[in-house]
1. Can you give the three extents of the C-alpha atoms in the chain along their principal axes, from longest to shortest, in whole Å?
2. Normalised by the number of residues in the chain, what is the relative contact order in percent for Cα pairs under 8 Å and 6+ residues apart?
3. Could you work out the Rg to Rh ratio of the stretch 80-166, with Rh taken as the Kirkwood radius (inverse of the mean 1/r over all Cα pairs)?
4. Determine ³J(HN,Hα), in whole Hz, for all residues of the stretch 87-98 in sequence, where each value follows from phi through the Karplus function 6.51 cos²θ - 1.76 cosθ + 1.60 and θ = phi - 60°; x replaces Gly and Pro.
5. Amide H neighbours of residue 166 under 5 Å, counting only residues 5+ apart in sequence or on other chains, H built in-plane at 1.01 Å?
6. Among the listed pairs 87/126; 26/134; 87/158; 18/127, which are separated by more than 31 Å between their Cα atoms?
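Coordinate-derived values only; no laboratory data. Please read these numbers as outputs of a predicted model, since none were measured by experiment.
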Amino acid sequence: MNKKNIHYKVRLRPINLKRDMSKMLKWYSNKEVLYYSEGHTTPYNEKIIIKMYNSITKDGHQKVIKRMHDSITENGHMYIIEILSNKRWLSVGDASFTRTSTPITIGIPEYWGKGIGSQALGLLIKKAKRYQWKELKISGIANYNKRSIRMYKNAGFKVTNKNKKEVKLILRL
Ligand SMILES: CC(C)(COP(=O)(O)OP(=O)(O)OC[C@H]1O[C@@H](n2cnc3c(N)ncnc32)[C@H](O)[C@@H]1OP(=O)(O)O)[C@@H](O)C(=O)NCCC(=O)NCCS
């Protein structure tokens, strides 16, 4: 792995669903990306991506608009991961946190194993601490997804459940 030789500058920016849709459709059409991130290889369409976005950023049970503070601390956030490449910020994946999960997907396999996911996770942890969340969880990582499990464990996540298919981890903040 050439990770040690390359150190990308990584940032998270709020997703702009309209602007980012075409990139996401590309990421979530890649069978290798889907296999690791979703556990299947059926490409996503626009409808599924909007559903994914809504499930992360909106509280489906709560129609009443809450105060700003509540929305920041209780609802989830979805970001685009960007890396600095040739002096330009390049979108390479998405990262989210909600009360129940902290999924990260780098949608371009050539950027895997270069420390980008670990940096993105570090930024999510910082944000969660700023919002005074007490814990972060990740559920449903396929047991075969060793890279992902390693990334979460390296950040301090501990396994809470493991079955034949998948593993769940938690980080107490
Ligand atoms: C999982 C994912 C976010 C990790 O991000 P990444 O930038 O590729 O990972 P990092 O480079 O930060 O590496 C994480 C750790 O895994 C290790 N690793 C890398 N490739 C590995 C492999 N094939 N097997 C086992 N460990 C591996 C790295 O060495 C590193 O550990 P170390 O720092 O102790 O050496 C990214 O690979 C990805 O998006 N994969 C496809 C979608 C996915 O699996 N999403 C997660 C769903 S829960």
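1. 47, 36, 33
2. 21 percent
3. Numbers: Rg = 13.5 Å, Rh = 13.8 Å.
My calculation of the ratio gives 0.97.
4. My calculation for the stretch 87-98 gives 6, 10, 7, 10, 7, 10, x, 10, 8, 9, 9, 10 Hz in order.
5. 143
6. Values: 87/126 25 Å; 26/134 34 Å; 87/158 37 Å; 18/127 24 Å.
In this structure, 26/134; 87/158 exceed 31 Å between Cα atoms.
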